[in-house]
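What follows is a single structure, written as structure tokens, with notes after it.
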């Protein structure tokens, strides 16, 4: 009996030692493979940087999709025990840039749309449709003739409006000329002291077009599985500071598997004309609160 116990103890110790040794060996092999993968990834990133520096077109897009659906029947604990609700939205950030040695032509689109539904089945008067709640459309086109590798004489067209509600009411069209600074590959800064801000609206409103200066800063970067884009667009009116406005939009995407991941978008805006129009008052009397939105959901990189 004592011999059996000793043999069993030896067997357990041997198995434990063998398992520990195998685990250490596997961990060592994993570390070696990871170091090798990091090396090749660094070489791939360097090659991609060389490709990005070559003349020609660069196109791409990434976006976020978020949504939810729910249905309640006889759920008496809430005010509307029988209801169906849902929300669906998406954002798209797309670009098509032609980069040459003597000139560039950069085009970008930012789209953010969202619909929400709350149908109280016990109330025949409420709506059972998905109603638009987020509505952002921004299209820009920038052309530049290079003076050197960092500065260019440029012209910009930027159009902003809503698509689902009140299309082009208001709508903003900026047309201007000036200079563009590109200190690094992913950063574009537009400085246009001569810019006209056309504002389109219907009826008798507070909206007014004016001449002024346009500043745009755009930074787009991919670091491994992370993509992010930040864009600040500001107009300073020479006619009246109350006609000035700015919009700052940020988009982040983290890829988990085959282009699918998680995304986060948020935007900020200051526009006294929009505030006064919504409040039905004059520009001077308007309470120009900071506008904002955000979207969280699944993302997909094209």
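Table for the structure above
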| read-out | value |
| --- | --- |
| Residue count for the range 124-154, restricted to those that are modelled with pLDDT of 85 or more, surrounded by fewer than 17 Cβ atoms within 10 Å (Cβ to Cβ) and more than 18 Å from residue 247 (Cβ to Cβ) | 7 |
| Criterion: surrounded by fewer than 16 Cβ atoms within 10 Å (Cβ to Cβ) and touching a residue at least 24 places away in the same chain (Cβ under 8 Å) - qualifying residue of 230, 295, 205 | 205 |
| Residue tally, condition under 29 Å from residue 267 (Cα atoms) and touching a residue at least 40 places away in the same chain (Cβ under 8 Å), over the range 134-153 | 8 |
| Flag if residue 216 is more than 16 Å from residue 97 (Cα to Cα), at pLDDT 95 or above and in the same structural domain as residue 244 (by TED's automatic domain parsing) | yes |
| Some residue of the range 179-198 being within 21 Å of the chain's Cα centre (by Cα), under 21 Å from residue 240 (Cα atoms) and assigned to a strand (DSSP E or B) | no |
| Residue within the range 248-265 that is surrounded by fewer than 18 Cβ atoms within 10 Å (Cβ to Cβ) and closer than 25 Å to residue 154 by Cα present | yes |
| Where residue 32 falls short, out of the listed (1) closer than 30 Å to residue 115 by Cβ; (2) out of contact with any strand residue (DSSP E or B) (no Cβ under 9 Å at 6 or more places or on another chain); (3) modelled with pLDDT of 75 or more | (1) |
| Within the range 181-200, tally of residues that are closer than 13 Å to residue 220 by Cα and either in contact (Cβ under 8 Å) with a residue 24 or more places away in the chain or in contact with a strand residue (DSSP E or B) (Cβ under 6 Å, 6 or more places away or on another chain) (or both) | 6 |
| Boolean, residue 267 is in a strand (DSSP E or B), modelled with pLDDT under 95 and either over 30 Å from residue 64 (Cα atoms) or touching a strand residue (DSSP E or B) at 6+ places or on another chain (Cβ under 6 Å) (or both) | yes |
| Residue within the range 198-221 that is touching a helix residue (DSSP H, G or I) at 6+ places or on another chain (Cβ under 8 Å) and closer than 29 Å to residue 184 by Cβ present | yes |
| Test: residue in the range 160-175 that is in a strand (DSSP E or B), touching a strand residue (DSSP E or B) at 6+ places or on another chain (Cβ under 8 Å) and farther than 26 Å from residue 245 by Cα | no |
| Residue in the range 67-116 that is nearest to residue 143 (Cα to Cα), counting only those that are outside any strand (DSSP E or B) and in contact with a strand residue (DSSP E or B) (Cβ under 6 Å, 6 or more places away or on another chain) | 102 |
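The values are calculated or read from the model by the stated rules, or taken from the named source; none is laboratory data. Quantities reported herein were computed from a predicted structural model and do not represent experimental measurements. Cβ coordinates were reconstructed from backbone atoms using ideal geometry, including for glycine residues, and neighbour counts include every protein chain displayed.
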